[in-house]
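K.L.:
Right, I'll just put the structure down here and ask away after.
The values are calculated or read from the model by the stated rules, or taken from the named source; none is laboratory data. For clarity, every value in this text was computed on a predicted model and none was experimentally measured. Backbone-built Cβ (ideal geometry, glycine too); neighbour counts: all protein chains shown. Please note that ligands, DNA and RNA were not included when accessible areas were found on the heavy atoms of the full protein model with its side chains. Shrake-Rupley method; radii C 1.70, N 1.55, O 1.52, S 1.80 Å.
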Amino acid sequence: MGTTYPSYKWTLPNEVYFIIEYLEKRGHKAYLVGGAVRDLLLARPVDDYDITTDATPDELKAIWKGFPTILSGEKHGTIGVILNKVHYEITTFRQDGLYLDHRRPESVSFTRSLEEDVKRRDFTINALAYHPKEGLIDYVGGLEDLKAGLIRTVGKAPKRFEEDALRIMRAYRFMARYGFDLETKTSKACEKLLPSLDFIAQERISAEFIGLLEGAYLGQTWKHLRSLFSYLLPEVHYSEEMWEPLDYLPSDFVLRFTYMLYQGLDQGLIDDEGRPLVLCQLLKRLKLSRRQNQDILTLYQSLEHRPEPQVLDLLKFLRTYPVRLEDWILLDEVVSVNPYYGRHYRKELEQIWADINASNLPQTPQDLPLNGQDLLDLGMAPGPQIGLMLETLWEKALLKQVSPHKEDLLKLARSLIERGKCQA
Ligand code: ATP
Ligand code: MG
């Protein structure tokens with residue numbers, strides 16, 4: 001039996017009221033469900049408003065015929081309706097069949113019962129429903145768990161994780177996001193069944209892993225995360241001290257993960273481009289995006305160096321390691337043995353960077369008001385010397401040995417070419 005709490009009332013987007021009423025006028029039941037209800041209770045911003053209904057997929061298709069829809073989730077009973085450019089997912093009450101591969105049910109069947117639908121959901125805090133007129137509806141003790149800050153599976157934890165091992169990652173991700181505890185049986189089952197993550201596609205694990213690392217309570221919940229991290233990333237050493245600063249770093253995956261890797265990885269062999277082989281292998285295994293890999297490698301390598309606090313050196317550093325200086329400064333601070341050490345240095349860098357941005361200084365040779373063609377027009381032969389000349393002009397402009405105006409730069413280039421000829 002479920003409990004209804006009529007006293008809960010939230011203001012929802014008009015489109016959500018519209019969807020619920022539109023379905024009800026056609027004889028169906030419809031509720032807001034899942035993450036939205038959880039986040040409303042926690043007074044946190046809601047990402048997606050998902051609706052659950054007793055209308056079957058065919059009925060839904062007929063009902064939303066005149067609206068822009070997305071039918072890619074139809075097999076699982078989900079239809080997307082776009083209202084005022086926002087995508088709302090409407091899913092038929094569903095019961096999952098047997099899970100044989102630790103990933104997906106062999107079959108799904110549609111039901112007319114909200115209770116059955118919420119009972120297939122992963123955690124009690126994710127299994128709450130809300131109706132604008134009826135209030136909050138709880139069949140699984142989700143409200144109590146939410147108040148107590150507990151993540152508990154709906155039903156027996158080992159069974160639920162055996163059905164779908166991705167739920168293990170989700171449990172840890174919600175823990176790191178909300179700073180909740182895992183309920184004892186849920187926690188035990190998570191640890192015990194970690195190896196069943198092997199059945200899950202790496203891309204799906206990594207998507208959850210990214211969310212986990214961005215959690216606001218990552219550092220505080222580390223005690224419970226140790227086994228997971230050791231399982232996913234056995235090559236990283238996890239010291240007690242390395243977790244705390246994580247909560248002070250912005251909630252950015254690349255930044256936090258690079259920090260962990262920098263603190264916990266033995267660099268070992270280096271490839272031709274100066275990248276630790278063990279890091280490259282680890283990133284390859286995680287199947288992150290090319291962009292994420294590149295950003296992590298660049299940031300990681302940049303931490304091995306410290307630019308001199310002067311314009312030219314800083315800009316050269318940023319050309320070699322195209323990182324956001326704010327990120328580098330933050331990481332340089334947290335990876336320092338003594339964070340106070342270098343504070344003055346980092347302030348100086350910030351000041352120089354602010355000055356560079358406030359002035360019109362060319363930040364790279366490409367920002368100069370002349371280009372390779374101008375140098376060819378001066379009689380230089382094509383080839384690498386063009387790039388070198390641009391680099392020289394850029395350096396001299398930054399050192400204020402020449403004004404950064406085209407005429408002055410051309411004049412300097414001409415004299416350098418002449419001098420080169422004399423020397424040759
Ligand atoms: P987030 O804010 O991260 O999106 P969410 O709870 O909305 O959190 P979704 O992945 O969007 O998570 O899923 C929506 C709902 O579907 C969940 O709240 C939960 O009820 C259910 N759900 C999602 N994944 C699973 C799963 N693997 N097993 C069981 N139920 C799930
Ligand atoms: Mg969601």
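K.L.:
Placing unit charges on C-beta atoms (Lys and Arg positive, Asp and Glu negative, everything else neutral), compute the dipole magnitude of the chain about its Cα centre in debye, rounded to 20. Can you show the working numbers first?
P.N.:
Numbers: 54 positive and 62 negative charges, 126 e Å.
In debye, rounded to 20, the chain gives about 600.
K.L.:
Give me the number: length gained by fully extending Arg285 to Leu388, i.e. 0.36 nm times residue separation minus the C-alpha to C-alpha distance, one decimal in nm.
P.N.:
On the way: separation 103, 0.36 × 103 = 37.08 nm, distance 3.86 nm.
Full extension from Arg285 to Leu388 adds 33.2 nm.
K.L.:
Right, another one. Remind me, relative contact order of the chain in percent, using alpha carbon pairs under 8 angstrom and six or more residues apart? Please report the intermediate quantities before stating the final value.
P.N.:
On the way: 589 pairs, mean separation 36.7, N = 424.
Relative contact order comes out at 9 percent.
K.L.:
Specify which residue in the list Gln220, Phe257, Ser239 is farthest towards the positive end of the charge dipole of segment 219-272, using unit charges on the beta carbon of Lys, Arg (+1) and Asp, Glu (-1), about the Cα centre.
P.N.:
Of Gln220, Phe257, Ser239, it is Gln220.
K.L.:
Starting from the Cα-Cα distance between Gln373 and Asp355, subtract it from 0.36 nm times their residue separation and give me the gain in nm to one decimal. Please report the intermediate quantities before stating the final value.
P.N.:
Working: separation 18, 0.36 × 18 = 6.48 nm, distance 3.02 nm.
Between Gln373 and Asp355, full extension yields 3.5 nm more.
K.L.:
Enter the mean projected area of the convex hull around the alpha-carbon atoms of the chain, in nm², rounded to one decimal. Kindly include the intermediate steps, with their values, before the conclusion.
P.N.:
Working: hull surface 111.5 nm².
Taking the Cα atoms of the chain, their convex hull projects to 27.9 nm² on average.
K.L.:
Continuing with the same structure: Put +1 on the Cβ of each Lys and Arg and -1 on the Cβ of each Asp and Glu in segment 248-369; which of Gln281, Ile352, Gln310 then has its Cα farthest toward the positive end of the dipole?
P.N.:
Of Gln281, Ile352, Gln310, it is Gln281.
K.L.:
Once you list every other residue whose beta carbon is under 11 Å from the beta carbon of Trp243, what net charge do they have if Lys and Arg are +1 and Asp and Glu are -1?
P.N.:
For residues surrounding Trp243, the net value is -1.
K.L.:
Could you work out the local net charge near Asp117, counting Lys and Arg as +1, Asp and Glu as -1, over the other residues with Cβ closer than 14 Å to its Cβ? Kindly include the intermediate steps, with their values, before the conclusion.
P.N.:
Working: positive: Lys29, Arg94, Arg112, Lys119, Arg120, Arg121; negative: Asp50, Asp54, Glu89, Asp96, Glu115, Glu116, Asp122, Asp138.
Net local charge, Asp117 excluded: -2.
K.L.:
How much space per residue, in cubic angstrom, does the convex hull of the C-alpha atoms of segment 233-359 take up? If you can, show how the numbers build up before the last one.
P.N.:
Numbers: hull volume 15.2 nm³, N = 127.
Cα convex hull per residue, to the nearest whole number: 120 Å³.
K.L.:
To the nearest 500 deg cm²/dmol, what mean residue ellipticity at 222 nm is calculated for the chain from DSSP H runs of n ≥ 4 alone, each contributing -39,500 (n - 2.57), summed and divided by the residues? Don't skip to the end; give the middle numbers.
P.N.:
Values: 19 runs with 202 residues, N = 424.
Value at 222 nm, helices only: -14500 deg cm²/dmol.
K.L.:
Going by amide H atoms built from the backbone, whose H comes under 5 Å of the H on Ile151, apart from near neighbours?
P.N.:
The answer is Asp181, Leu182, Glu183.
K.L.:
Where does helix 202-213 land angle-wise versus the long Cα axis of the chain, in degrees 0 to 90, nearest 10?
P.N.:
80 degrees
K.L.:
Next question, about the same structure. Which order do the peptides 37-47, 265-275 take when ranked by the mean count of other beta-carbon atoms within 10 Å per residue, highest first? List each step's numbers first, then the result.
P.N.:
Values: 37-47: 15.6, 265-275: 10.9.
With the highest mean Cβ count within 10 Å placed first, the list reads 37-47, 265-275.
K.L.:
Run the quick spin-label model on Ile270 and Glu241: label points 7 Å from Cα toward the beta carbon, then report their separation in nm to one decimal.
P.N.:
2.4 nm
K.L.:
How large is the charge dipole for segment 155-231, taken about the Cα centre, if only the Cβ atoms of Lys, Arg (+1) and Asp, Glu (-1) carry charge, to the nearest 20 debye?
P.N.:
Numbers: 13 positive and 10 negative charges, 55 e Å.
Around 260 debye, computed over segment 155-231.
K.L.:
Arrange the peptides 276-289, 140-153, 406-419 so that the one whose residues have, on average, the most other Cβ atoms within 10 Å appears first. Before the final figure, lay out the partial values.
P.N.:
Working: 276-289: 16.1, 140-153: 19.4, 406-419: 14.5.
Descending packing order for the listed peptides: 140-153, 276-289, 406-419.
K.L.:
Taking H as built 1.01 Å from N, whose amide H comes closer than 5 Å to the amide H of Ile270, not counting residues under 5 places away?
P.N.:
Leu277
K.L.:
So, by mean Cβ neighbours within 10 angstrom, what's the order for 159-172, 250-263 with the highest one leading? Mind dumping the intermediate values first?
P.N.:
On the way: 159-172: 22.1, 250-263: 19.8.
Top to bottom by mean Cβ count within 10 Å: 159-172, 250-263.
K.L.:
Quick one: net charge around Gly80, please, counting Lys, Arg +1 and Asp, Glu -1 for every other residue with C-beta under 12 Å from its C-beta. It would help to have the intermediate numbers written out before the result.
P.N.:
Values: positive: Lys61; negative: Asp48, Asp50, Glu74, Glu89.
Around Gly80, the charge tally is -3.
K.L.:
To the nearest 20 debye, what charge dipole does segment 233-359 have about its Cα centre, counting +1 at the Cβ of each Lys and Arg and -1 at the Cβ of each Asp and Glu?
P.N.:
Working: 14 positive and 21 negative charges, 100 e Å.
Dipole magnitude for segment 233-359 comes out near 480 debye.
K.L.:
Between Arg414 and Lys65, 0.36 nm times their residue separation minus their Cα-Cα distance comes to what? Numbers along the way, then the final one.
P.N.:
Details: separation 349, 0.36 × 349 = 125.64 nm, distance 7.11 nm.
That works out to 118.5 nm of additional length.
K.L.:
Please calculate how many Å² of accessible area segment 233-359 carries per residue, with a 1.4 Å probe and no DNA, RNA or ligand atoms counted.
P.N.:
Solvent-accessible surface per residue comes out at 54 Å².
K.L.:
Please state, to two decimals, what the Cα-based radius of gyration of segment 3-148 comes to when divided by 2.2 N^0.38 Å (N = residues).
P.N.:
Working: Rg = 14.8 Å, N = 146, 2.2 N^0.38 = 14.6 Å.
Its radius of gyration relative to the 2.2 N^0.38 Å reference: 1.01.
K.L.:
Oh, and also: Tell me which residues come under 5 Å, amide H to amide H, from Val236 once H is placed; ignore anything under 5 positions away on its chain.
P.N.:
none
K.L.:
Also, I was wondering about something else. Identify, among Gly372, Pro362, Leu399, the residue whose Cα sits farthest towards the positive end of the charge dipole of segment 311-409, taking +1 on the Cβ of Lys and Arg and -1 on the Cβ of Asp and Glu, with the dipole about the Cα centre.
P.N.:
Leu399
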